[in-house]
Amino acid sequence: MTSPASRTAAAASRPSSPPQPSLPASSPTAGASRTPSEPPGPWADLARPPLRTAALRGGLVAPAGPLARLEVERRLGSTSTTLAERATADPAAWPHLSVLLAEHQDAGRGRRGRAFATAPRAALTFSVLLRTPAGSAPHLPWLPLLAGLAVVQVLRRRAGVQAVLKWPNDVLLPPPPAGSGGAGVHAAPPPAKVCGLLAEVLPPSVPDDSAAEVGSGAGGLAVVLGVGLNVDASVEELPPGATSLRLAGAATTDRDTLLRALLRRLADLWADWRALPPGPGPGDPSGGPAPPGAALAGLTDPVREVCATLGQDVRVLLPGGEVVAGRAESLAADGALVVRTPSGTRTLLAGDVEHVRPHAGPS
């Protein structure tokens, strides 16, 4: 899974905040004074209000919602790193479907060790702790794909943008409509990244004390799923190739609305994933495909439908440095990407994908 496509840059209208300690998100006392050395509070920029933490907990945490715990921090380095550390130190306090969110993430981690940061309250950056059932390891590659599906579905339904999934863990948006007066002599820009996801399995030394409580059974794994969605970021706050919902003209950029919908949809898909029967090990040629059935097809077919990588000419950089070039044909039963190359078919479980665009003809 790649990193959420964001980085902090000083926008002309929004000076960047100096470093500050990690604190729970809260509103400053009305009328309180602040010395010049203190960082601005969460209400300093009314165009980017803080999340309504109490209301979110009331609607998302059990018994009203699917979550076991929801914590919102004012600033963190990496939500995934912090959640993994806290789950390791006190597993009972961080049960299945615990969520840690940062209003400002300044040391996020992505695929291949890439670092990224987000401007304060310009994104949704959070990590979810998932405790998997015994025998579910063969289906783990589907987790970032299903998380991407949840993002795509929520953005289409709530934000009104035609999001698509890029294998294995990016969500892309098409470029905005060309402005009036365009000459039409240049090829349209490629879709831009609005969201990145990263799923990491915690070391086996992390006890799964909550397994019995959530019914996941002994022997399951703990997974931290990180999500970074660019909501209100400006061009100056984004790296090349990235976009935000605001730049894409989304119907809503209300982070509370989007977070509620996204966490509920993610929990629904997780429940379906958790119900899958055990399958063979990922990439095991002797194990054959995962058990067929309506449950598997019902869960994975929607991923294939929104995956823009399928049918594209691609270049895939594998973890060992090899580059595989060809046509992305399908997703295997274990979520691997099947690529047709001049020398035959390759089945890839991991890699950084580049969609190869055809050369624009003369205009």
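Say whether the condition of being crowded, with 24+ Cβ neighbours inside 10 Å, closer than 17 Å to Gly196 by Cα, modelled with pLDDT of 95 or more and in contact with a helix residue (DSSP H, G or I) (Cβ under 7 Å, 6 or more places away or on another chain) is met by at least one residue in region 87-98. Scanning region 87-98 turns up no residue that is crowded, with 24+ Cβ neighbours inside 10 Å, closer than 17 Å to Gly196 by Cα, modelled with pLDDT of 95 or more and in contact with a helix residue (DSSP H, G or I) (Cβ under 7 Å, 6 or more places away or on another chain). Report whether or not Pro133 is under 22 Å from Ser234 (Cβ atoms), touching a Ser or Thr at 6+ places or on another chain (Cβ under 8 Å) and modelled with pLDDT under 95. Considered against the rule, which asks whether it is under 22 Å from Ser234 (Cβ atoms), touching a Ser or Thr at 6+ places or on another chain (Cβ under 8 Å) and modelled with pLDDT under 95, Pro133 comes out as no. A single entry from Asp268, Asp256, Asp313, Asp284 fulfils the requirement of being acidic (Asp, Glu) and modelled with pLDDT under 95: Asp284. Of the listed requirements (1) in contact with a strand residue (DSSP E or B) (Cβ under 8 Å, 6 or more places away or on another chain); (2) more than 27 Å from Leu337 (Cα to Cα); (3) at pLDDT below 95, Asp232 misses just one: (3).
Listed by position, the strands (runs of 3 or more DSSP E) contained in region 121-179 that have at least 2 residues being crowded, with 24+ Cβ neighbours inside 10 Å are 123-131, 170-173. Looking at region 180-198, can you tell me whether even one residue there is of a type in the set (Lys, Arg), closer than 30 Å to Ser330 by Cα and modelled with pLDDT under 95? No, that holds for no residue.
The values are calculated or read from the model by the stated rules, or taken from the named source; none is laboratory data. These figures come from a predicted structure and were not determined experimentally. Here the Cβ is made from the backbone with ideal geometry for all residues, glycine too, and neighbour counts use every protein chain on show.
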